[in-house]
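A short worksheet on the structure shown next.
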Amino acid sequence: MVLPLAYYGNPVLREKGAQVKSVTPEIAQLIKDMFKTMEDFRGIGLAAHQVGTAIQLTVIDIRSVEDLPSTLELGGEEVDPHSIMPFVLINPTITPLNDPVKGPEGCLSFPEIFGDISRPDKVSVKALDRLGEPFEFVCSGLLARCVQHETDHLHGILFIDRMDRETKSDLREDLAVLQEKTKATLAEQ
């Protein structure tokens, strides 16, 4: 089922996500619902926080983006990033492998708000998969940016927190409007 999104101003987006201890039937259903929600909203990544659940779980599928390349290494071998799409990250940890570079980002919790964000272009990732099995990979490009963006969500960090002062200042009015709208909606519930 398509789940409602949590928008900027919803306190769940600032919570530190709890570690997932095991992939229960409820977690498995949440994963299915998150994929459906991400697809419905035309996203490439979705953290559990964005559907109101503060746990360390995110889903990713970059196949719809053709103009921003990615690389993926599994077991030291380079493979097509699409070969593992869509995929799940549970309790991910990220190690940067190079210096940050600026690149465009948006977020389903911030409709129509975009900005350039500096992030390492290549990262090493350790996580559990949708079955709760450990896996590791190295990625770069869009996939690395997406993994970092979604992992930030799991720790209550939003992409606006990584914007430079000028970019955030330019978006101040749009952010205030979205935050007030979200707060008003939450107050009605």
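Each reported figure results from applying straightforward, stated rules to the coordinates on display, with no laboratory input. Small disclaimer: the values here were computed from a predicted structure and weren't measured. Positions of Cβ are generated from backbone atoms using ideal geometry, with glycine treated the same way; all protein chains shown enter the neighbour counts.
Structure data summary
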read-out: Net lengthening on full extension, VAL12/ASP164 (0.36 nm per residue, minus Cα-Cα); value: 52.4 nm
read-out: Binned Cα-Cα distance frequencies in segment 100-189 - 10 Å width, integer %; value: 14, 40, 28, 15, 2
read-out: Percent of C-alpha pairs per 5 Å bin, the chain, short to long; value: 1, 8, 16, 21, 21, 16, 9, 4, 1, 0, 0
read-out: Three-way shape call for segment 38-97 based on the alpha-carbon gyration tensor, with the a/c threshold at 1.5; value: oblate
read-out: For segment 1-60, radius of gyration divided by Kirkwood radius, i.e. Rg to Rh on alpha-carbons; value: 0.94
read-out: Estimated FRET transfer efficiency when R0 is 25 angstrom, pair ASP80-SER22 (beta carbons, to 0.05); value: 0.25
read-out: Helical mean residue ellipticity (222 nm; -39500 (n - 2.57) per DSSP H run of 4+; nearest 500) of the chain; value: -8500 deg cm²/dmol
read-out: All lysines inside 29 Å of LYS32 as judged from Cα atoms, apart from same-chain residues fewer than 8 positions distant; value: LYS16, LYS21, LYS122, LYS126, LYS181, LYS183
